[in-house]
Every structure is written in structure tokens, then in C-alpha cells.
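Below is one structure, written out as C-alpha cells, with a few remarks after it.
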Amino acid sequence: MKFSWRVILLWTLPILVIGFFFWQGAFSSAPADVGRNTANTRMTYGRFLDYLDAGRVTAVDLYDGGRTAIVEAVDPELDNRLQHWRVDLPGNAPELVSRLRAMDISLDSHPIRNDGALWGALGNLLFPLLLIGGLFFLFRRSGGAAGGPGQAMSFGKSRARFMMEAKTGIMFDDVAGVDEAKEELEEVVTFLKKPERFTAIGARIPKGVLLVGPPGTGKTLLAKAIAGEAGVPFFSISGSEFVEMFVGVGASRVRDLFKKAKENAPCIIFIDEIDAVGRQRGAGIGGGNDEREQTLNQLLTEMDGFEGNTGIIIIAATNRADVLDSALLRPGRFDRQISVDPPDVKGRLEILEVHARNKKLAPEISLDAIARRTPGFTGADLANLLNEAAILTARRRKEAITMGEVDDAVDRVIAGMEGTPLVDSKSKRLIAYHEIGHAIVGTLIKAHDPVQKVTLIPRGQAQGLTWFTPNEEQTLISRSQILARIAGALGGRAAEDIIFGDAEVTTGAGNDLQQVTGMARQMVTRFGMSDLGPLSLESSQGEVFLGRDWLQRSEYSEEIASRIDGQVRSIVEHAYNTSKQIIRDNRALIDRLVDLLIEKETINGDEFRQIVSEYTAVPEKEQFVPQI
Ligand code: ADP
Ligand code: MG
Ligand code: ZN
């Protein structure tokens, strides 16, 4: 069916006309809104005069310059109750008015409301506007949504929602800390720039490269850098945009994307979040999603449909390659997988250097120190960190970013926005004991990471925080370290329990307990660190693939399940007792630290250890200092 204006007009005109009259009617019946409960029944003028003669009329309100009246009168037919009638008066009746006044009947006259007229006019306009607006909106939705519901009206060709950048302006120099990935991708640049070099000796140029890595590690940036280095256009689309409500839309978008790309070859096609379309087919509860499968099939067809030397290279990004359909990973499709990992300390330094290029740093700033302070930060986190520091610097009206701003920015990136401190109160004291509990247990257990600072300044969800300096880039964690972390995490609750008593413990430890349980459970089920022995009873968690998960649930028997629970409980119980003992043994020290914390809001690690050492021996901690 061809879309035409004739059809729209044919249908909408009658609606508009009818609507217009309804609207008109609703707005121009003037005395309908007298504020009394008008029965709106009509009464003839003659009858009104009869009622007047009989002395039943109690009030008359005149409208429309005296042409209409609402009459309040006693109705003999209804137990002499007061009723309202609408009466059309024969023009201006001055003698009626004087007669009413003579009879002492309450009389009121309502002028013709000019504003009412205006509203009426506006109202008259409003209705068609609303309708037309509504229609317009409907059509825009259907037409504009790139062949969404409008597809049914065949509203022309679908406009695919992909982006095209003729020049990304990003070079490999802008990407740091992911050297291995960069090396592999440099070859892709050569494929785009000098394909002859490969085709001459019969080599097949790969069509697809899959970048695998957690969010924020620079996958998009790398893809753009390839396009930038090769000087080719960059087409990008996100996998989630393929997946629409209407079957066939995603597939048509894939078709459009490849068509446009072929017209612009050589070029890069970047598909972000490819797992949104590329999940294993036929999996999941309910047999999967038709639309997704069609889109995926179309993608596979398109990839097979062009020769390796057309100059199109498809780069896809995902943070989980394990859920992808194996068809995507076959040779000739995404046959190269490159992992993009979070940077190590050296990588972080390089990334900081990239992002410090356009920022004003005070000479004292050591990017080195920042890199050390930020294990686990991705490229995006580091970029965000320097930006936050710059914003803080501007807010504090300083000339250049100093270490103070960087430290605050790190805290903010990790733990969220700073809140206002509580006023001194019982709950502030309780929070102080809780945090000192964490800090003292963490300090007195040798295997625990050292305290960096304790603070009562709220951040994000937390009312108080104890920061520990994690051991840099430690990939292997020992049993005693996990046990120390469990005890440290229980230190807050232990302090509440010992100081305030069993009945006064709070919900503040909820998050701690969640971590504790998680750690203890992993000790038992994954790392073989319990009496159950060296068994792996659960694979690494985080599988969101509902269908597959269900089918593989029973890795162990009911009996093992209850033994796991028993082991988890005994690990946690043991650690809790350790924490409580440390709190009991150091009561005087803890009271002093709490007073100091309430006074100063923040105690840093060195000062904390100094005070602790006045009371008891502080175990020496082994901290691995990475070489840059
Ligand atoms: P991903 O696509 O892996 O989620 P992005 O490429 O979108 O991550 O990264 C977001 C931003 O973080 C980039 O625009 C860049 O500013 C910064 N960034 C991330 N990784 C790096 C890196 N390795 N080097 C420099 N900057 C990075
Ligand atoms: Mg991205
Ligand atoms: Zn806590």
C-alpha cells in the first residue's frame, strides 16, 4: 500500500469536523458553570412567572446580559426542596428585575465573560491542534523509527540508526596501556592501506576482528584508532540497536549498514555490544528470540557475501565472548579475537599521560603515584578521574590540578560523591565504632592489607568508610589473606556488637556481610580452601545465560549442598570470633581512636598505626611495590 495524503485527509477530516463541534458545544454553553449544583433542567418563561407569582422563587442569577437565568425555586412536587432551573428570558427585562427586587428575591447578574470568550476561542483552536498534533506524532513515530511500526505502511526505506564518521581523528597514540592489542591491530591498518601486499601472495585478509574486554578498556577507542590510522571512514552501530520489537527491522538495518559500507569501502564497520545479537541461537528460555536470530543470520549472510579484499573490515566488541554463537567465530567471520584487558600499573601511567596532555597539572603532581593508587582502574576510569580532578580544581578556583584534587577525585570515582558529615549523635558514634572496628582488625591481622585512611565523611551510600591499600596487581591470593579480609569485613559488626550490645547492632553491616558470605562461599566451592577438600563445585559465576544455566544446575548433590553451607558458616563464625576478640582486647585504644575520628572526621593510615603502636604491637605488612 502506498502511503498518501488523500487517505489521511479522508479519515481525519470528518473526525476533525465532528470534534470541532463537540468542542464548540462544550465551551460555549455559558451558564453551565454557575458553581451551584444546577440540575440544568429547563423551565419555560411562563412557568417561571407562575412560580414567581406563587412565591416559590428564592434566587435568580442572570447570564448572557439578561437573556438566560438560573432560577432557584422550591419545588412542590419534590417535598418543597430547592431546585435549579434554566430559563430563557425574552430579551432584556428591566421590569422583571425591578419586580424581583421588590419581592426581595436574591438577584445576581453575571457579565458576559470576555476571558471566557477568549478561552472558548482558544479551546476551539486547541481541539484540532491536539488532534493534528496527535496525528503528526503518530506518523512521526511510525515513519521515523527507521521502519518500526511504519513498516506496515511501507513508509519508504528504513533509515538505519548507524553512525558514520568520515574521519575519527583518533590515532594509536591516543590509546595507551593495551600494547598487545595495538600490535595485532596495526596489521589491520595495513590490510586497509595496502591490501595488495597480502593478496599478491594469496593471503586472505581477515574480515572480522573481535575485541573482548571489560567495559571502559578502550575497545571503541581502538576501533576508531584503526580507522584514523588507515584514514578510512568509520561506521558504527550498537548490537542493542539491531534488536527491535519488530521482526525484520534488525535484519534490514544490517543490510543497509553493509550497503552503505560497500559504497564507502575501504572502511571499518564497528559493531559494539555484539553479544546483544550474537548470542547462541536457540538458547534461553522460550527458545530464544526470532528477531535476534534473524538479525544474526543476516549479519552472517552479509559477512559471507563479500570477498576479503573489498576493503571492509568488521570490528566487533563484547565483554563476553563465551556467550557468542559459534557461527560468528568461524573462519571467514570473526576469526581473530583480541583481548583488551584492564591496564597494569605501567599501562595506567601511559593512559594518564595521554589524558594529562590537555590538562594543567601542578609541577608536584606525580602521575606515577596516581597510577599506583589506582589498581583495577580501566582507561575510562582514569580519563574520568583526571576530568573529575580538573572539575574540582576549577571549582576551587585553582590554577592547576594538585595532588589534593586527584586524591579527592580517586575517592569520588571509587566510592561516589561526598556527602555532608553527620552532626555528633549516637548514630555518628556507632558509625565511628563500626569503621574503627574495620580498621583495627585490618591493622592487627598480619595478612590484611594496610589501612590507608578511616573517614566519617559519607560517600555514595556509605556513612563512613575505611580504605585499605590493596596489594598491587596481586593475581594470587592466599587462604590466610582471604580469611583476613573476611575478619576485617566483619570488624564493623563486631565492634557494634561488643560496644553497643547484641540488641543495638544495625543494618550498617549489610554490605559487609554480603561480601563476607561471597568470599567464604568461594573459598569452599571454587578454591578448595575448606574441609570439603580441593574440589571445584561451582564454575565461576556471572552467567546471565538463563536457559543454559538451568540445564546445568545440579553439579553436586543435596548432601554436598548442605555441607557447603556448613563450611561457609564455620569459616564466617571463626572469623567473627577473631574480630570480636580483637575488639575486646583493645577497648581503650578503640575508644581513643573513636574520639579522635569524631573530632577529625578522617584519620590517615600512618597516624592510625602510630596511635595503635602506643598500645600494642603492629604487625609488619608485606607490600609489594611494583616497578614502573
Ligand atoms: P570500551 O569501548 O572498551 O567500553 P571506550 O573505548 O569507549 O571503552 O573508552 C571510553 C573512554 O575511556 C575513551 O574515550 C577514552 O577517553 C578512555 N580510554 C579507555 N581506554 C583507554 C586507553 N587504553 N587509553 C586511553 N584512553 C582510554
Ligand atoms: Mg565502547
Ligand atoms: Zn562496614
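The values are calculated or read from the model by the stated rules, or taken from the named source; none is laboratory data. Please read all numbers here as calculations on a predicted model, not as lab measurements. Neighbour counts are summed over all protein chains in view; Cβ atoms, including those assigned to glycine, are modelled from backbone coordinates with ideal geometry. We work out accessible area using only protein heavy atoms, side chains counted, and drop any ligands, DNA or RNA first. Shrake-Rupley method; radii C 1.70, N 1.55, O 1.52, S 1.80 Å.
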Item to check | Estimated inter-spin distance, ALA369 and MET103, nm [label 7 Å along Cα→Cβ] | outcome: 9.7 nm
Checklist outcome for this item: Surrounding charge for PRO215, neighbours by C-beta under 15 angstrom, Lys/Arg +1, Asp/Glu -1, total -3
Next on the checklist: If the reach is capped at under 17 angstrom between alpha carbons, list the lysines near LYS193, excluding any in the same chain fewer than eight residues apart.
Outcome noted: LYS167, LYS182, LYS207, LYS224, LYS262
Checklist outcome for this item: Distance in nm between LYS360 and ASN319 label points, each 7 Å along Cα→Cβ, equals 3.6 nm
Checklist entry - Within straight cross-link reach of LYS398, meaning Cα distance under 23 Å, which lysines are found once same-chain residues fewer than 8 apart are removed? => result LYS359, LYS360
Item to check | Anisotropy class of the range 426-613 from Cα gyration tensor, a/c 1.5 cut | outcome: prolate
Item to check | Among 356-367, 249-260, 434-445, the order from most to least packed when residues are scored by Cβ within 10 Å on average | outcome: 434-445, 249-260, 356-367
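Among the DSSP beta bridges whose two residues both lie in the range 161-339, what percent are antiparallel, rounded to the nearest 5?
Details: 4 of 23 bridges.
Beta bridges within the range 161-339, antiparallel portion: roughly 15 percent.
Quick check on the range 182-269: take the gyration tensor over C-alpha atoms, sort the square-rooted eigenvalues as a ≥ b ≥ c, and tell me if it's rounded (a/c under 1.5), prolate or oblate. If you can, show how the numbers build up before the last one.
On the way: a/c = 2.24, a/b = 1.43, b/c = 1.56.
Cα axes put the range 182-269 in the oblate bin.
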Item to check | Cβ-derived FRET efficiency at R0 51 Å, SER240 paired with GLU614, nearest 0.05 | outcome: 0.30
Checklist outcome for this item: Quick note, the range 161-339: a/c under 1.5 would make it rounded; otherwise a/b > b/c is prolate and the rest oblate (a ≥ b ≥ c, C-alpha gyration tensor); here it is prolate
Item to check | Residues of the range 426-613: accessible area per residue with a 1.4 Å probe, Å² | outcome: 50 Å²
Next on the checklist: Please report the net charge: other residues with Cβ closer than 10 Å to the Cβ of GLU504, K and R +1, D and E -1.
Outcome noted: -2
Checklist outcome for this item: Two pseudo-spin positions, 7 Å from Cα along C-beta at GLN337 and at SER562, lie apart in nanometres by 4.1 nm
Checklist entry - How far, in nm, would the chain grow between LEU537 and ALA415 when pulled straight, counting 0.36 nm per residue and subtracting the alpha carbon separation? => result 40.6 nm
